[in-house]
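Some notes on the structure that comes next.
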Amino acid sequence: MSYYLDGNRFIFNDECPDFSADEILSGLGFSPELIEVGNVRSDFEDVNSQIRDIIHMTSGVVYFKMPDRSIPPTPSGTGVAGVILTLGANVTRKSDEYFAQGEYTKGMILNEIADRCLETYKKILEERLRVLSDRKGVGLDVRYEAPETMPVSELRYVWSALNAGENMGVTITSELTLFPVKSDCFIMKVKDDTVL
C-alpha cells in the first residue's frame with residue numbers, strides 16, 4: 001500500500017520478502033551439516049513464522065532542493081530524491097527479547113533476516129524511485145548514503161522534509177542516527193531539478 005502526502009512526498013508500506021533457511025543460516029556461518037542435524041532450522045522456522053508480525057517495511061520518498069547550509073556532495077540548491085526506510089521498532093524489541101531469554105540463535109536469525117530485508121528494500125526502493133522519477137520527468141543520477149558517501153548530518157534534511165517522525169514513526173537521535181535501529185537513509189541526485 002502506498003499513498004501520496006503531496007506531489008513530491010510519498011509513503012510506501014511493503015512486506016518483508018521471503019528468505020530461505022539455507023541462505024539465512026549459512027549467512028550466519030552455520031555449516032550445512034549443523035543446519036541439517038541441529039536445532040537451528042527449527043529456530044529459523046519459529047522466527048520466520050512470526051516475521052510478518054515483526055517486520056513492517058515503511059519508506060518515505062521526498063523530492064526537494066537541499067536547503068542552505070547543506071554540504072557536498074549535495075550542496076545547497078541541489079535537487080534530490082531523499083529516502084528514509086525502516087523495518088519498525090518491533091524488530092529491535094523482539095531481538096532484545098530473544099537475547100534476554102537466552103535464545104541467542106533466534107536473536108541472531110532475526111537480525112540476519114532484518115539486515116537482508118533492509119538491503120533488499122533499498123534495492124526495491126531504488127528501482128521504484130527510478131520509475132517514479134522518470135514519470136515526474138526528473139530522472140536520477142548518483143546515489144549517496146551516510147556515512148559512506150555523504151555526511152551523516154545531511155540525513156536530517158531528508159527526515160525534516162518527509163516529516164518522518166509524524167509520517168513514519170522514525171526519529172533522529174542526538175548522535176544523528178535513526179530510530180528504530182533497523183532504519184536507513186539515502187539521497188539520489190535528480191538530473192533535472194527545474195520542476196522541483
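Using a 7 Å offset from the Cα along the Cα-to-Cβ direction at both T171 and N8, what is the distance between the two label points in nm, to one decimal?
In this crude spin-label approximation the distance works out to 2.8 nm.
Round to the nearest 10 and give me the degree value, 0 to 90, for the angle of helix 40-49's Cα axis relative to the longest principal axis of the chain.
50
Heavy-atom accessible area per residue, the range 125-184, 1.4 Å probe: how many Å²? Before the final figure, lay out the partial values.
Values: 3030 Å² over 60 residues.
Result: 51 Å² per residue.
If you roll a 1.4 Å probe over the range 129-192 with all protein chains in place, what percent of the accessible area is carbon or sulfur?
Details: 1560 of 3090 Å².
Here it works out to 50 percent.
Just going by the charge dipole of the range 1-116, with Lys and Arg at +1 and Asp and Glu at -1 on Cβ, which of S26, I71, T92 is farthest out on the positive end?
My answer, from the dipole projection, is I71.
In degrees, nearest 10, range 0 to 90: what is the angle between the Cα axis of helix 104-136 and the longest Cα principal axis of the chain?
Tilt relative to the chain: about 30 degrees.
Charges at C-beta only: +1 for Lys and Arg, -1 for Asp and Glu. How large is the resulting dipole of the chain about its Cα centre, in Debye rounded to 20? Walk me through the numbers before you get to the answer.
Details: 20 positive and 31 negative charges, 190 e Å.
Dipole about the Cα centre, nearest 20: 920 debye.
Dipole magnitude of the range 96-189 about its Cα centre, charges +1 at Lys/Arg Cβ and -1 at Asp/Glu Cβ only, in debye to the nearest 20? Each step should come with its number before you reach the end.
Details: 12 positive and 16 negative charges, 98 e Å.
Computed charge dipole of the range 96-189: roughly 480 debye.
Please report how many Lys pairs in the chain have alpha carbons closer than 22 angstrom, counting only residues at least 8 apart along the chain or sitting on separate chains.
17
Return one number: the angle in degrees, 0 to 90 and rounded to the nearest 10, between the long axis of the Cα atoms of helix 90-100 and the longest principal axis of the Cα atoms of the chain.
On a 0 to 90 degree scale, this one is about 30.
Keeping the other protein chains in place, figure out the carbon and sulfur percent of the accessible area of the range 72-120, with a 1.4 Å probe.
On the way: 950 of 1830 Å².
Exposed carbon and sulfur together represent 52 percent of the surface.
Using a probe radius of 1.4 Å on heavy atoms only, what accessible surface per residue do you get for the range 54-102? Whole Å² is fine. Before the final figure, lay out each step's value.
Numbers: 1820 Å² over 49 residues.
Roughly 37 Å² per residue, with all protein chains present.
What FRET efficiency comes out for E97 versus L34 if R0 is 22 angstrom and r is the Cβ-Cβ distance? Round to the nearest 0.05. Write down the numbers at each step before the final one.
Working: r = 24 Å, r/R0 = 1.11.
Result of the calculation: an efficiency of 0.35.
Does the range 55-141 come out rounded, prolate or oblate by the C-alpha gyration tensor, with a ≥ b ≥ c the root eigenvalues, rounded set by a/c under 1.5 and, if not, prolate when a/b is larger than b/c and oblate if not? Provide the component values of the computation, followed by the final result.
Details: a/c = 3.68, a/b = 2.27, b/c = 1.62.
Cα axes put the range 55-141 in the prolate bin.
Which residues does the label zone of T194 cover in the range 61-95, counting backbone N under 15 Å from a point 7 Å along Cα→Cβ?
79, by backbone N distance to the label point.
Please list, by residue number, everything in the range 18-62 whose backbone N is under 15 Å from a paramagnetic label point 7 Å out along Cα→Cβ of V181.
Label zone hits: 55.
For the chain, go through all pairs of different Cα atoms, get the mean of 1/r, take its inverse, and jot down that Kirkwood value in Å. Walk me through the numbers before you get to the answer.
Details: mean 1/r = 0.0559 Å⁻¹.
Hydrodynamic radius (Kirkwood, Cα pairs) of the chain is 17.9 Å.
Order 79-86, 183-190 from most to least packed using the mean count of other Cβ atoms within 10 Å. Don't skip to the answer; put the middle values down first.
Values: 79-86: 25.4, 183-190: 23.1.
In decreasing order of mean packing, 79-86, 183-190 become 79-86, 183-190.
Let me make sure I get this right: for the range 109-155, a, b and c are the square roots of the gyration tensor eigenvalues over alpha carbons, sorted descending. Under 1.5 in a/c it's rounded, otherwise prolate if a/b > b/c, else oblate. Which is it? Working shown, then result.
Numbers: a/c = 3.66, a/b = 1.40, b/c = 2.62.
Oblate, because a/c is 1.5 or more while a/b does not exceed b/c.
How long is the gain from Q50 to V142 if the chain were fully straight, where each residue apart is worth 0.36 nm and the alpha carbon distance is subtracted? Spell out each step's value before the answer.
Details: separation 92, 0.36 × 92 = 33.12 nm, distance 3.66 nm.
29.5 nm is the gain from fully extending Q50 to V142.
Within the set of other residues whose C-beta is less than 14 Å from the C-beta of N13, count the net charge using Lys and Arg as +1 and Asp and Glu as -1. Walk me through the numbers before you get to the answer.
Details: positive: R52, R128; negative: D14, E15.
Local charge sum for N13: 0.
Rounded to the nearest 500, what is the 222 nm mean residue ellipticity of the chain from helices alone, with -39500 (n - 2.57) per DSSP H run of 4+ residues and division by all residues?
That comes out to -13000 deg cm²/dmol.
How much length, in nm to one decimal, is gained on full extension between V152 and D18, taken as 0.36 nm per residue of separation minus their Cα-Cα distance? If you can, show how the numbers build up before the last one.
Numbers: separation 134, 0.36 × 134 = 48.24 nm, distance 3.07 nm.
In short, 45.2 nm is gained.
The values are calculated or read from the model by the stated rules, or taken from the named source; none is laboratory data. What you are looking at is a predicted structure, and each value in this text was computed from that prediction instead of being measured. Counting neighbours? That spans all protein chains shown, and the Cβs are built from the backbone with ideal geometry, glycine included. Side chains included, ligands, DNA and RNA excluded: accessible areas come from the protein's heavy atoms. Shrake-Rupley method; radii C 1.70, N 1.55, O 1.52, S 1.80 Å.
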